[in-house]
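The values are calculated or read from the model by the stated rules, or taken from the named source; none is laboratory data. Note that this is a predicted model, so its numbers are computed, not measured. Methodologically, a virtual Cβ is constructed for each residue, glycine included, from the backbone with ideal geometry; neighbour enumeration extends over all protein chains shown.
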Amino acid sequence: MKKYAPIFIFFSLLLAVVAYISMENIFIAIGVLLISAIVSLLLIIPLLVKSSLRRSKFAECYHFINNFIISLSIKKSITGAMETTVGSMPSEFVDLFNSLENMSENEKLSYLSSYFEFYDYQLFLQIIFLWEEQGGDIFKMSKYLLDDLRNNEEYLTTCESLAKRKYVEVGVLWALTFAIIIFLRFSLKDFYDRIKGQILFLVAITAIILFSLISIYLLIRSGTNYKLKGNMSHEKES
């Protein structure tokens, strides 16, 4: 939340300033400020926070599985692989893992499925338990899983890159639109003085400003609604 709040505070203030300069109506400007702040706080920022958390959690899952399989291939022990892997994880994960001290190693791995709520982690558990029962080459057994993890990681990176590009493109387009509105307001001053108090003009400019807010919300919702190709255990979208 703290990461995105300054951006959207500035954005809300910008819309309010554009509203005031173009219409010289303080009440409409305040209304635009309040509406944009509410939409940002209740709709846009939660989308970005949720997307960021999902992305971070998948990166942790990818790191955990990859390191665990590598460690298991070397140490041939779930306990040894667990110790090595947990030591490389973020502090939040380490704190969670340390709280499971009364569980067996298999129980800990199973419990972590509530932390890593991805289909890939469920597949990882099946492979580990199968290896424990039958042995074998863990790398060969995990080939499909590791390939799928890498594909998903590349897919998410591509989605993020495309989304950021769209954010910039749309941001530039709306910045140019607002610049044109303000330019016309000063370059056509006589015409502006005749229409600035008319209801139709106020409604039209307000609608344009609010439409920019709606379009940005829809864009961000689309940009954060990427899918891991069905690889979620509890939801289709990630």
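Counting residues that are among the aromatic types (Phe, Trp, Tyr) and on the phi < 0 side of the Ramachandran plot, which helices (runs of 4 or more DSSP H) fully inside the stretch 66-184 reach at least 2?
On the way: elements: 78-86, 91-98, 105-111, 119-134, 138-141.
Fully inside the stretch 66-184 and qualifying: 91-98, 119-134.
Among the residues that make up the stretch 64-75, is at least one of them more than 22 Å from TYR155 (Cβ to Cβ) and hydroxyl-bearing (Ser, Thr, Tyr)?
Yes, there is a match, as at least one residue in the stretch 64-75 is more than 22 Å from TYR155 (Cβ to Cβ) and hydroxyl-bearing (Ser, Thr, Tyr).
Within the stretch 32-51, is there a residue that is of a type in the set (Lys, Arg) and either part of a helix (DSSP H, G or I) or surrounded by 15 or more Cβ atoms within 10 Å (Cβ to Cβ) (or both)? Before the answer, list the steps.
Residues of the stretch 32-51 that are of a type in the set (Lys, Arg), as a first pass: 50.
Among the residues that remain, those that are also either part of a helix (DSSP H, G or I) or surrounded by 15 or more Cβ atoms within 10 Å (Cβ to Cβ) (or both) are: 50.
Yes, the stretch 32-51 contains a residue that is of a type in the set (Lys, Arg) and either part of a helix (DSSP H, G or I) or surrounded by 15 or more Cβ atoms within 10 Å (Cβ to Cβ) (or both).
Considering the stretch 185-221 alone, what residues qualify as being among the basic types (Lys, Arg) and not in a helix (DSSP H, G or I)? Break it down into steps so the answer makes sense when it comes.
Our first condition is that a residue be among the basic types (Lys, Arg); within the stretch 185-221, this holds for 185, 189, 194, 196, 221.
Answer for the stretch 185-221, where residues must be among the basic types (Lys, Arg) and not in a helix (DSSP H, G or I): just LYS196.
If PHE129 meets every condition in (1) modelled with pLDDT of 90 or more; (2) over 25 Å from ILE70 (Cβ atoms) apart from one, which number is that one?
(2)
I'm trying to understand the selection: among the residues of the stretch 122-150, which are free of Cβ contacts under 8 Å to residues at least 60 places away in the same chain, aromatic (Phe, Trp, Tyr) and farther than 23 Å from ARG55 by Cα?
Those that are free of Cβ contacts under 8 Å to residues at least 60 places away in the same chain, aromatic (Phe, Trp, Tyr) and farther than 23 Å from ARG55 by Cα: PHE129, TRP131.
Only one of (1) over 15 Å from ARG54 (Cα atoms); (2) at pLDDT below 90; (3) among the hydroxyl-bearing types (Ser, Thr, Tyr) is not met by TYR167, so which one is it?
(2)
Identify, from the list LEU109, LEU96, the residue that is surrounded by 14 or more Cβ atoms within 10 Å (Cβ to Cβ) and in contact with a helix residue (DSSP H, G or I) (Cβ under 7 Å, 6 or more places away or on another chain). Break it down into steps so the answer makes sense when it comes.
On the way: LEU96 fails: in contact with a helix residue (DSSP H, G or I) (Cβ under 7 Å, 6 or more places away or on another chain).
Within the list LEU109, LEU96, the selection yields LEU109.
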